[in-house]
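What follows is one structure encoded as structure tokens, with my remarks underneath.
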Amino acid sequence: MGSKRAERGKTGRMRTAALLFGAAAIALATALTGAPASATPLYPIPDPDPFYAAPPDIASKANGTVLEYRPMPPLPLFPAVTIQEVKFRSTNSEGHPIAATTLVMIPANQVPNGPLLSYQHIINGLSPKCAPSRALYSNDPNIVIREAPIMNIALQHGWTVALPDHLGPTSAYGAAKLGGQITLDGIRAVQHTPGLGVEKSPVAMAGYSGGGMATAWAAALAPTYAPELNIVGVAEGGVPMNITKMGEQLGDRPHPVFGLAMAAAIGLEREYPDRLPLSTQLNARGLAIRDAMANGCTNDILAAGAGHSAPELATSMQMTKDPAVIAVGNENSLELYPGVPKAPIFEWHAPTDALIPVDSIVNTIRRYCAAGATVQSDLFPSPDHLTTAVLGAPTAYQYLDDRFKGVPAPNNC
């Protein structure tokens, strides 16, 4: 029993650390990037299912255009729920068209044009198989949707739930702004897909940590990127508001979960191949580790990178900051993004969360308040990052339920 508890504790610590290292990749990439060079990113093996392929005319489509949709098998995890999958046009971090996907869960007690929740699940992975639309149907015990209980609460109350693959078709782990764009385009597509019953639904968005980052970016982008959406409320928890600042906390010593930092650097290189040419700066061992994790999910990535460090994997170490790399981090840091959400925001975090820069959350919320946003920011003292998610979830649900019911949003600015 003691060894099992220890193993569970170790697994929990590794999962928690995974949430930090997605952002810490900026420092890793900075350390590895020397003189400018032509990037050679390693992209994941494409999903063989033709449903996920982008059509040849995708560039002619508007963001959020429905490209294809299909029914999906029911899942015991979500009883009395019908599931559809929608493919739609979105845009990547450099402005190029992409085909993205979202699942749509429709409860038996759905009211036409009733509440629609876009839920951004935490995704730690570099392969399409790690995305929710595949993970839910996988037999791999290492690929688990851990936030299903939260979604079930919404479904049991008659809410329709969209579950986007917010890392995009190349599994760009670490690309925060991309997640916001895909989230918004997914909502657009769901509301324009025939037969889903949500064409005129009020919309809410929710997510924690990495999922909270996609949610928070979607909220900040919505006024300019998707102003037509009727977003009535947003619940975002444990959000890394500044990944550049988080990256500065990553040292150059070996670390048991170094693989997550490496994975995020790989993901960011996929989104910014010309500005973050990570692969050109890796030595033979670094390239071998990159190749080993390039199609992995959390456990594969942790195993491949355990105990390694940036200096060990680099052909040379560039100690000075690379402006191009830092700019990538800044462009994916909400603290530095000037946009302000129009939808009411519920934000929660632990005041002593060691994995995210709490001052960046405070600064971002203060800026939102000064600009006239409606924000309820709550603190949940807890021993670790993931416990805060559980502690805040009931309040987050009640907050969104009140917004759907038209109750005026609280504001503690």
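Taking interchain pairs and intrachain pairs at least six residues apart, which have beta carbon atoms under 7 angstrom, with the first residue in region 311-322 and within 10 Å of Asp252 (Cβ to Cβ) and the second outside any strand (DSSP E or B) and at pLDDT below 65?
That search, which allows pairs on different chains as well, returns Pro311/Met317; Ala314/Ala31; Ala314/Leu32; Met317/Ala31.
Do you know which residues across region 64-81 are surrounded by fewer than 18 Cβ atoms within 10 Å (Cβ to Cβ) and either over 22 Å from the mean Cα position of the chain (by Cα) or part of a loop (DSSP other than H, G, I, E, B) (or both)?
Looking only at region 64-81, we keep the residues that are surrounded by fewer than 18 Cβ atoms within 10 Å (Cβ to Cβ), and these are 65-66, 68, 70-77, 79-80.
Thr65, Glu68, Arg70, Pro71, Met72, Pro73, Pro74, Leu75, Pro76, Leu77, Pro79, Ala80, listed by residue number.
Given the conditions (1) crowded, with 19+ Cβ neighbours inside 10 Å; (2) farther than 27 Å from Gly329 by Cβ, which single one is not true for Gly158?
For Gly158, the failing item is (1).
What are the pairs, 6+ residues apart or on separate chains, where a residue within region 138-162 that is in contact (Cβ under 8 Å) with a residue 24 or more places away in the chain has its Cβ under 6 Å from a residue that is buried (at least 17 other Cβ atoms within 10 Å of the Cβ) and assigned to a loop (DSSP other than H, G, I, E, B)?
Pairs found: Ile145/Leu136; Glu147/His121; Gly158/Gln110; Gly158/Gly114; Trp159/Pro115; Thr160/Gln110; Thr160/Val198.
Specify the residue that is nearest to Ala204 (Cα to Cα); the eligible residues are those in region 385-413 that are touching a Ser or Thr at 6+ places or on another chain (Cβ under 7 Å) and loosely packed, with under 15 Cβ neighbours inside 10 Å.
Asn411
Residues checked against (1) in contact (Cβ under 8 Å) with a residue 12 or more places away in the chain; (2) surrounded by fewer than 21 Cβ atoms within 10 Å (Cβ to Cβ); (3) touching a Ser or Thr at 6+ places or on another chain (Cβ under 6 Å); (4) not small (Gly, Ala, Ser):
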{"position": "Gly259", "(1), (2), (3), (4)": "yes, no, no, no"}
{"position": "Ala264", "(1), (2), (3), (4)": "yes, no, no, no"}
{"position": "Glu269", "(1), (2), (3), (4)": "yes, no, no, yes"}
{"position": "Tyr272", "(1), (2), (3), (4)": "yes, no, no, yes"}
{"position": "Gly286", "(1), (2), (3), (4)": "yes, yes, no, no"}
{"position": "Ala292", "(1), (2), (3), (4)": "yes, yes, no, no"}
{"position": "Gly307", "(1), (2), (3), (4)": "yes, yes, no, no"}
{"position": "Trp348", "(1), (2), (3), (4)": "yes, no, no, yes"}
{"position": "Ala354", "(1), (2), (3), (4)": "yes, yes, no, no"}
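If you go through region 354-375 one residue at a time, do you hit one that is among the charged types (D, E, K, R), touching a strand residue (DSSP E or B) at 6+ places or on another chain (Cβ under 6 Å) and within 27 Å of Gly267 (Cβ to Cβ)? Working first, answer last.
Let us first name the residues in region 354-375 that are among the charged types (D, E, K, R), namely 359, 366-367.
Still in the list and also touching a strand residue (DSSP E or B) at 6+ places or on another chain (Cβ under 6 Å): none.
The answer is no, given that none of the residues of region 354-375 is among the charged types (D, E, K, R), touching a strand residue (DSSP E or B) at 6+ places or on another chain (Cβ under 6 Å) and within 27 Å of Gly267 (Cβ to Cβ).
In region 105-119, what residues are touching an Asp or Glu at 6+ places or on another chain (Cβ under 9 Å) and of a type outside the set (Ser, Thr, Tyr)?
Scanning region 105-119 gives Pro112, Asn113, Pro115.
From the list Ser93, Ser3, which one is among the polar types (S, T, N, Q), more than 28 Å from Gly158 (Cβ to Cβ), modelled with pLDDT of 50 or more and not in a strand (DSSP E or B)? Walk me through it before giving the result.
Values: Ser3 fails: modelled with pLDDT of 50 or more.
The match here is Ser93.
Name the residue, out of Ile289, Ile301, Ile345, that is modelled with pLDDT of 90 or more, touching a strand residue (DSSP E or B) at 6+ places or on another chain (Cβ under 6 Å) and of a type outside the set (Phe, Trp, Tyr).
Values: Ile289 fails: touching a strand residue (DSSP E or B) at 6+ places or on another chain (Cβ under 6 Å); Ile301 fails: touching a strand residue (DSSP E or B) at 6+ places or on another chain (Cβ under 6 Å).
Exactly one of Ile289, Ile301, Ile345 is modelled with pLDDT of 90 or more, touching a strand residue (DSSP E or B) at 6+ places or on another chain (Cβ under 6 Å) and of a type outside the set (Phe, Trp, Tyr), namely Ile345.
Collect the residues in region 255-296 that are outside any loop (DSSP other than H, G, I, E, B) and either of a type in the set (S, T, N, Q) or on the phi > 0 side of the Ramachandran plot (or both), keeping them in residue-number order. Give the derivation first.
Going residue by residue through region 255-296, those that are outside any loop (DSSP other than H, G, I, E, B) are 255, 258-271, 278-282, 284-293.
Matches in region 255-296: Ser279, Thr280, Gln281.
Tell me the residue from Asp384, Asp378 that is within 22 Å of the chain's Cα centre (by Cα), modelled with pLDDT under 95, of a type in the set (Asp, Glu) and on the phi < 0 side of the Ramachandran plot, please. Talk me through it step by step, then tell me what you get.
On the way: Asp378 fails: modelled with pLDDT under 95.
After applying the criteria, what remains is Asp384.
Given the residues Val340, Val328, which is the only one that is of a type outside the set (S, T, N, Q), in contact with an Asp or Glu (Cβ under 9 Å, 6 or more places away or on another chain), surrounded by 16 or more Cβ atoms within 10 Å (Cβ to Cβ) and in contact (Cβ under 8 Å) with a residue 24 or more places away in the chain?
On the way: Val340 fails: in contact with an Asp or Glu (Cβ under 9 Å, 6 or more places away or on another chain).
Within the list Val340, Val328, the selection yields Val328.
The values are calculated or read from the model by the stated rules, or taken from the named source; none is laboratory data. Predicted model, so just to flag it, every value in this text is computed and none were measured. With ideal geometry, Cβ positions are generated from the backbone for all residues, glycine too; neighbour counts draw on all protein chains shown.
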